[in-house]
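Nothing in this text is a laboratory measurement; each read-out follows from the coordinates by a stated rule. Computed from a prediction, not measured in an experiment: that's the story for all the values here. Here the Cβ positions follow ideal geometry from the backbone for every residue, glycine too, while neighbour counts run over all protein chains shown.
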Amino acid sequence: MNEFTLPVWVVAAAKSATNILIGNQFKDTEIIDLPNQRESISVPICSSSVLDNGKRSLAVSHCQSGLPLDVTRGLEIWAYIQFSKASLQSRKIVENGFPDWLDFHGGYGVGKFESSGQSCISKFARDLLCINLYPLVPKGNLIKLEIILPEGKDRALKTSNQAFGVVDGLSLIGTQAEVQISASPDQLKNCIEILQNKCSKSTFDGCLTFVIGENGMDLALNSGIPSNQIIKTGNWLGPLLVAAAENRVRKLLIFGYHGKLVKLSGGIFHTHNHLADGRLEILTSLAVREGISFDLVQLISKSTSVENALLSLEEINPEAVSLIWSRMAKEIELKSRSYVNRYLSSSMEIGSVLFDRKRQIRWAGFEGMKQINSLGLILK
């Protein structure tokens with residue numbers, strides 16, 4: 001089975017539509033080149049056709065992530081392509097992160113940042129589009145690409161996109177082509193192998209950063225955390241903390257979205273929601289321990305989701321929110337050290353840093369604050 005991330009299926013549809021528009025015969029697979037890699041992958045295409053007497057084209061693919069619980073599984077993707085004349089075709093990057101020869105439009109079902117209205121698309125997805133479409137664009141032309149996800153808006157309701165300020169659809173995010181199954185034992189094995197490989201290098205300085213998910217990875221890199229220190233953990237945080245201590249990591253930073261890491265402050269070290277949630281209960285407990293008013297504690301406990309609780313709290317009492325999350329960052333550090341010490345004696349320093357739904361680094365525990373200061377990062 002072809003198990004690829006959403007950006008791969010988007011690019012495959014776009015490449016198929018471009019090929020059919022320049023006169024190439026339809027193929028039921030497209031060969032997709034990967035950024036900074038010599039290998040290519042073969043991706044199935046459902047259909048492709050020219051429209052409007054050859055003025056534009058449409059191709060359709062179906063995302064197959066291989067994950068039964070993944071909201072993108074079976075998602076239909078439409079890619080519309082149209083050329084327009086241009087006096088110069090360059091690779092200059094414009095405001096939306098694309099080169100000026102590629103006019104990208106996130107249509108219906110593609111998530112957009114609420115603050116700017118721009119499509120939520122990762123650097124990997126942009127690079128993937130560019131390296132696969134650029135060789136096909138006729139000289140003297142620009143290419144207009146519109147991506148539509150007919151079910152994207154409905155499926156996005158099952159994600160935490162809104163918590164990150166992304167509305168109206170699914171994000172086109174990802175840092176690689178192949179799907180990583182974050183809750184599977186194989187994913188844990190892969191993460192431990194990556195950790196051991198990093199720790200065995202002669203240049204390893206004893207510092208690692210664990211990030212949770214694509215948003216965490218993207219923000220960590222953009223914040224200046226060295227890529228050779230970063231490991232994307234998925235949901236297996238507990239065993240990876242122990243593995244880090246076993247491999248003589250001196251300083252470990254846990255870096256992630258507060259709505260996800262709240263589980264750690266309650267002692268839950270496998271964070272996938274099919275195993276455990278309890279976030280509202282943990283949030284309520286943190287509020288009580290910080291002496292937050294009874295009315296606000298009730299508001300949290302009766303909320304339908306952590307995201308809704310946070311939005312309501314931020315509107316009513318921003319100071320209370322800051323107290324809760326600062327307490328949470330400290331509890332993550334305490335609970336993480338306690339978890340590791342169940343299995344071995346370790347002097348590894350564990351810090352936590354949390355970012356909010358606007359992707360701003362906002363809170364840190366005592367050890368987390370020391371570590372981000374050494375990296376030159378600043379809390380907002």
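Let me know the shape class of the stretch 185-375, please: from the alpha-carbon gyration tensor, a ≥ b ≥ c as square roots of the eigenvalues, rounded when a/c is under 1.5, otherwise prolate if a/b is greater than b/c, or oblate.
On the way: a/c = 1.94, a/b = 1.76, b/c = 1.10.
Prolate is the answer for the stretch 185-375, as a/c is 1.5 or above and a/b outweighs b/c.
Dipole of the chain (Lys/Arg Cβ +1, Asp/Glu Cβ -1, origin at the Cα centre): which of PHE124, THR209, ILE22 lies farthest to the positive side?
About the Cα centre, the residue reaching furthest to the positive side is THR209.
Take the residue pairs LYS15/LYS198; LYS55/LYS112; LYS85/LYS158; LYS158/LYS232; LYS27/LYS153; LYS189/LYS263 and return only those whose Cα atoms are more than 32 Å apart. The partial results should precede the final answer.
Working: LYS15/LYS198 36 Å; LYS55/LYS112 28 Å; LYS85/LYS158 41 Å; LYS158/LYS232 22 Å; LYS27/LYS153 29 Å; LYS189/LYS263 22 Å.
Table pairs above 32 Å Cα-Cα are LYS15/LYS198; LYS85/LYS158.
Could you grab the relative contact order for the chain? Cα pairs under 8 Å, six or more apart, rounded to a whole percent. Walk me through the numbers on the way to the answer.
Details: 737 pairs, mean separation 48.3, N = 380.
Over the chain, the number comes to 13 percent.
What nm distance separates the two modelled labels at ARG289 and ASN341, each placed 7 Å from Cα along Cα→Cβ?
1.5 nm
Please rank CYS199, CYS120, fewest neighbouring Cβ atoms within 10 Å first, as an exposure proxy.
Values: CYS199 16, CYS120 24.
So the ranking, lowest neighbour count to highest, is CYS199, CYS120.
What is the magnitude of the charge dipole of the stretch 6-170 about its Cα centre, with +1 placed on the Cβ of each Lys and Arg, -1 on the Cβ of each Asp and Glu, and no other charges, expressed in debye to the nearest 20?
Values: 17 positive and 16 negative charges, 72 e Å.
Roughly 340 debye, rounded to the nearest 20.
Measuring from centroid to centroid over Cα atoms, what is the spacing of the stretch 299-363 and the stretch 205-240 in Å?
Between the Cα centres of the stretch 299-363 and the stretch 205-240 lies a distance of 17 Å.
Work from the charge dipole of the stretch 6-170 (Cβ charges, +1 for Lys and Arg, -1 for Asp and Glu, about the Cα centre) and give the residue of CYS63, LEU133, SER49 farthest towards its positive end.
It is LEU133, whose Cα lies furthest towards the positive end.
Going by a ≥ b ≥ c, the root eigenvalues of the Cα gyration tensor, does the stretch 263-339 fall in the rounded group (a/c under 1.5), the prolate group (a/b larger than b/c) or the oblate group? Provide the component values of the computation, followed by the final result.
Numbers: a/c = 2.22, a/b = 1.40, b/c = 1.58.
Verdict is oblate for the stretch 263-339.
Quick one: grab the alpha carbon gyration tensor of the stretch 275-319, order the square roots of its eigenvalues as a ≥ b ≥ c, and give me rounded if a/c is under 1.5, else prolate or oblate depending on whether a/b is larger than b/c. Mind dumping the intermediate values first?
On the way: a/c = 2.02, a/b = 1.31, b/c = 1.55.
Oblate shape, in that a/c is at least 1.5 and b/c is the bigger or equal ratio.
Divide by every residue of the chain the summed helix terms, -39500 (n - 2.57) for each DSSP H run of at least 4, and state the resulting mean residue ellipticity at 222 nm, rounded to the nearest 500 deg cm²/dmol. Display every interim value, and only then the final one.
Values: 12 runs with 140 residues, N = 380.
Helix-only estimate at 222 nm: -11500 deg cm²/dmol.
To the nearest 20 debye, what charge dipole does the chain have about its Cα centre, counting +1 at the Cβ of each Lys and Arg and -1 at the Cβ of each Asp and Glu?
Details: 40 positive and 37 negative charges, 144 e Å.
I would put it at about 700 debye.
With r defined as the distance between the Cβ atoms of THR203 and THR29 and R0 fixed at 51 Å, what FRET efficiency is calculated, to the nearest 0.05? Could you put the intermediate results ahead of the total?
Numbers: r = 41 Å, r/R0 = 0.80.
It comes out at approximately 0.80.
Between PHE366 and PHE113, what is the FRET efficiency for a Förster distance of 30 Å, r being their Cβ-Cβ separation, to the nearest 0.05? Don't skip to the answer; put the middle values down first.
Details: r = 33 Å, r/R0 = 1.08.
Efficiency for this residue pair is about 0.40.
For the pair ILE378/LYS158, report the inter-label distance in nm, with labels modelled 7 Å from Cα in the Cβ direction.
4.2 nm
With springs only between Cα atoms under 10 Å, which of ILE131, ILE268, ILE147 fluctuates most in a Gaussian network model of the chain?
Taking springs between Cα atoms under 10 Å, the residue moving most is ILE131.
Using Cα pairs closer than 8 Å and at least 6 residues apart in sequence, work out the relative contact order for the stretch 185-375, in percent.
Working: 274 pairs, mean separation 43.4, N = 191.
Averaging sequence separation for qualifying contacts and normalising by length gives 23 percent for the stretch 185-375.
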